[in-house]
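Worksheet for the structure shown next.
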Amino acid sequence: MTGQSRPRGAYTATPCRSCRTPKPSRWYLCGACWAALPELARRALNKRDGRALARLRELHAHIDSGQPLEELEITGDQDRRESPFGWSDRPSLADGPGSAGLVTGVYGDPLRWDEVPAPLTAAVVAELVACGWTGTHATEHSIVVPLDRRAFGLADAAGRGEHLYVLWAGKRPEWSWGTAHPNAPAGGTLAPLLAPPDDPKHIAAQIIRILRTGRALP
């Protein structure tokens with residue numbers, strides 16, 4: 001008998017997908033096979049976000065196809081490949097020796113934003129002001145457009161003296177909009193803006209569409 005007991009529930013009835021030996025519960029692979037994965041792949045698989053299931057499927061597909069564990073590359077860590085709107089292909093201002101090879105746009109990687117970059121919201125505000133929405137301003141959390149009689153698509157909200165709020169929000173972050181801030185005591189609901197993360201002209205154009213029509217689609 002060894003000096004280390006096996007804790008109840010520590011092993012599952014499902015063997016390691018790669019070597020078929022028993023593995024600890026809630027682990028994707030046994031310890032030896034996990035250690036064989038490249039460091040970048042292990043780092044990606046350890047993330048718990050909206051892309052976790054897609055990354056796990058990549059791991060399973062790689063193993064099931066018989067490829068060596070050492071050659072695993074996780075592409076599900078980059079949402080830009082599946083975004084219907086795309087990200088900027090302009091090189092990041094932060095690209096360089098310390099960038100860890102991240103594929104980013106001018107405003108960095110949207111999946112890693114703690115707050116929307118101030119230069120991006122400033123650029124969106126400038127686009128809207130140039131189109132006549134002079135009361136538009138940005139906070140650290142949102143873009144705010146005071147509603148007036150020109151907001152034909154949001155006439156009821158304008159009549160109540162409300163504003164249009166545009167935020168980077170959601171479980172899978174995206175630009176969203178509403179006429180009552182969701183964090184207010186009587187917070188409203190948000191709808192998708194259907195705009196790319198980091199393109200000020202496109203974001204502003206969608207905001208103007210909302211103001212004029214009340215919807216994000218034509």
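If you go through the range 137-154 and pick out every residue that is touching a residue at least 40 places away in the same chain (Cβ under 8 Å), out of contact with any His (no Cβ under 9 Å at 6 or more places or on another chain) and open to solvent by 10 Å² or more (accessible area, probe 1.4 Å), you end up with 4. Scanning the range 113-168 for residues that are over 21 Å from PRO192 (Cα atoms) and β-branched (Val, Ile, Thr) yields a total of 2.
Among the residues that make up the range 52-71, is at least one of them more than 27 Å from ARG26 (Cβ to Cβ), open to solvent by 60 Å² or more (accessible area, probe 1.4 Å) and either aliphatic (A, V, I, L, M) or modelled with pLDDT under 60 (or both)? Taking every residue of the range 52-71 in turn, none turns out to be more than 27 Å from ARG26 (Cβ to Cβ), open to solvent by 60 Å² or more (accessible area, probe 1.4 Å) and either aliphatic (A, V, I, L, M) or modelled with pLDDT under 60 (or both).
For the range 159-176, a residue qualifies if it is farther than 18 Å from HIS202 by Cα and in contact with a helix residue (DSSP H, G or I) (Cβ under 9 Å, 6 or more places away or on another chain), and the qualifying residues are GLU162, HIS163, ARG172. Taking the numbered list (1) at pLDDT 50 or above; (2) farther than 30 Å from LEU217 by Cα in turn, TYR107 passes all entries but (2).
For the range 22-51, taking the residues that are more than 27 Å from ARG112 (Cα to Cα) and open to solvent by 60 Å² or more (accessible area, probe 1.4 Å), the one that is modelled with the highest pLDDT is identified as ALA32. Could you tell me whether any residue of the range 168-187 is surrounded by 17 or more Cβ atoms within 10 Å (Cβ to Cβ), of a type in the set (Ser, Thr, Tyr) and within 17 Å of ALA118 (Cβ to Cβ)? Looking for residues that are surrounded by 17 or more Cβ atoms within 10 Å (Cβ to Cβ), of a type in the set (Ser, Thr, Tyr) and within 17 Å of ALA118 (Cβ to Cβ), one finds none in the range 168-187, hence no.
The values are calculated or read from the model by the stated rules, or taken from the named source; none is laboratory data. All of these numbers come straight from a predicted model, not from anything done at the bench. Note that we place each Cβ from the backbone using ideal geometry, even for glycine, and neighbour counts take in every protein chain shown. The protein model used for the area step is the full one, side chains on, heavy atoms only, and it has no ligands, DNA or RNA in it. Shrake-Rupley method; radii C 1.70, N 1.55, O 1.52, S 1.80 Å.
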